[in-house]
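The values are calculated or read from the model by the stated rules, or taken from the named source; none is laboratory data. These numbers come from a predicted model, not from an experiment. Cβ coordinates were reconstructed from backbone atoms using ideal geometry, including for glycine residues, and neighbour counts include every protein chain displayed. Note: accessible area is taken over every heavy atom of the protein model, side chains too, but ligands, DNA and RNA are not part of it. Shrake-Rupley method; radii C 1.70, N 1.55, O 1.52, S 1.80 Å.
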Amino acid sequence: MKKTLIASALVGLFASTAVIANDDTEELRKVIAQQQEVLKSLEQRLDQTEQRLEATADQVESSTTASPFAKTTIGGYGELHYNNYKDTDAKVDFHRFVLFFGHEFTNKIRFFSEFELEHSIAGEGQDGEVELEQAYVEYDYSDTITTKTGLFLVPVGIINETHEPPTFYGVERNGVEKNIIPATWWEAGVAANFKLAPGIAVDTAITSGLNVGDDYKIRGGRQKVSNASAENLAYTGRIKYTAIPGLELAATVQFQTDLAQSAAGVDKAAATLIQAHAIYQVNNFTVRALYAAWNIYGKEAKALGRDEQTGWYVEPSYMFNEKIGAFARYAEYNNEAGASSSDAVESTSVGINYYLHENVVLKADFEELSGSKDSQGFNLGFGYQF
């Protein structure tokens, strides 16, 4: 731009010179001097303009870099449920309202958190809870090794780590992962992810563990890292295979030295959780299958029939288009499998997801329960994530 303006001025100079070529020499000198002054002034003003532009650009870049929120992210999800089952009062519940907060300190160090309000309102005499489900720092030691330190989700199952409403079928989370695994399940400790090869990864974790008390109910043993007893830690390992497009295979093993956390008057009981799942997607068709089992090594647990607790399900689904998907699921789970198979809960579900947006979903499903539970009913739901 600067060169163009100067060139234009020079053209004007030469033109003026040509016009007065036949005039007196003194007049010619005056005109040339005037044109030179104009050029000099123009050049100074262009230099000043360039300096101002560069200073403005530097200020914009500096303010962007210096902002404390430049690398901070906010997300979240929520879900509203309506449940109507035989012999039970119908209920509506804003089940979960969740906010994610994350921050990138450097390209290798990141913070992530998940803050949740359950059942709309918390406090004395209320149904709801306020929970911190995740708060950890992630660090990349290398391209193949990443660690977590803090409070995080246990690497097990399908929905424990990914449970936003648009990512799964059914209004409620399935009974197997809820009652056997038990999702959503988080602990405090350290973890590491190792990428062994493209599509093959191993996760390891040393964390706080469950505290089941003398009833040995797995879901009731979640301490939620709230002044949790840590007399006996849990050791978790998972291997995941995703090298084939559309296929995920994973298996998790966890060992805890004492599910009762060495509580006085409670039988010490080591325990092992074994879980495996497969997800296979071909075009618009997907099938999910999962198996999970606890083996608890304790006399009191055996006497209650809770030394074995198992469950499994299979779930095919089909997306008709980008808006509508349908699923069917058959599931069985038994928290007293060590006593009798008659205590198993059997669940058959069918339903649809209607996506207003890929991150906003309306859900409806019908469920029939049999075995140790005899009921049937339907669920309606709305969910979102961002």
Residues of the stretch 235-274 satisfying the condition of being in contact with an Asp or Glu (Cβ under 7 Å, 6 or more places away or on another chain) and in contact (Cβ under 8 Å) with a residue 60 or more places away in the chain: Arg238
Every pair of residues 6+ apart whose Cβ atoms lie under 7 Å, when the first sits in the stretch 350-370 and is touching a residue at least 60 places away in the same chain (Cβ under 8 Å) while the second is assigned to a loop (DSSP other than H, G, I, E, B) and among the hydrophobic types (A, V, I, L, M, F, W, C): Asn359/Phe386; Lys363/Val171; Asp365/Val171
Pairs with Cβ under 7 Å, 6+ apart, first in the stretch 188-200 and more than 12 Å from Lys148 (Cα to Cα), second outside any strand (DSSP E or B) and not hydroxyl-bearing (Ser, Thr, Tyr): Pro198/Ala243; Gly199/Ala243; Ile200/Ala243
Residue under evaluation Glu248, criteria (1) in a strand (DSSP E or B); (2) charged (D, E, K, R); (3) buried (at least 18 other Cβ atoms within 10 Å of the Cβ), criterion not met: (3)
Test for Trp312: is it open to solvent by less than 70 Å² (accessible area, probe 1.4 Å), within 23 Å of Val156 (Cα to Cα) and either aromatic (Phe, Trp, Tyr) or modelled with pLDDT of 95 or more (or both): no
Single residue of Ser16, Ser67, Ser113 found to be open to solvent by less than 50 Å² (accessible area, probe 1.4 Å) and at pLDDT 95 or above: Ser113
Among residues of the stretch 141-154, those that are surrounded by 14 or more Cβ atoms within 10 Å (Cβ to Cβ) and either more than 18 Å from the chain's Cα centre (by Cα) or of a type in the set (A, V, I, L, M) (or both), counted: 3
Close pairs (6 angstrom Cβ cut-off, 6 or more residues apart or separate chains): polar (S, T, N, Q) in the stretch 24-46, modelled with pLDDT under 70 anywhere: Gln35/Leu13
Matching residues in the stretch 159-169 - criterion: being under 17 Å from Glu315 (Cα atoms) and either in contact with a Phe, Trp or Tyr (Cβ under 7 Å, 6 or more places away or on another chain) or outside any loop (DSSP other than H, G, I, E, B) (or both): Ile159, Asn160, Pro165, Pro166, Thr167, Tyr169
Residue match in the stretch 170-182 (condition: free of Cβ contacts under 8 Å to residues at least 40 places away in the same chain and either under 30 Å from Ile109 (Cβ atoms) or more than 18 Å from the chain's Cα centre (by Cα) (or both)): no
Residue satisfying condition, being in a loop (DSSP other than H, G, I, E, B), within 30 Å of Tyr139 (Cβ to Cβ) and of a type in the set (Lys, Arg), within set Lys224, Lys195: Lys224
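So that you can scan it fast, the table gives a plain yes or no per residue for (1) surrounded by fewer than 17 Cβ atoms within 10 Å (Cβ to Cβ); (2) farther than 30 Å from Val287 by Cα; (3) modelled with pLDDT of 95 or more:
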| site | (1), (2), (3) |
| --- | --- |
| Glu131 | no, yes, yes |
| Gln134 | no, no, yes |
| Lys195 | yes, no, yes |
| Ser208 | no, yes, yes |
| Arg222 | no, no, yes |
Within the stretch 340-368, tally of residues that are more than 15 Å from Tyr85 (Cα to Cα), buried (at least 16 other Cβ atoms within 10 Å of the Cβ) and among the small types (Gly, Ala, Ser): 2
Odd one out for Ser262 among (1) in contact with a helix residue (DSSP H, G or I) (Cβ under 8 Å, 6 or more places away or on another chain); (2) of a type outside the set (Val, Ile, Thr); (3) more than 24 Å from Ala331 (Cα to Cα): (1)
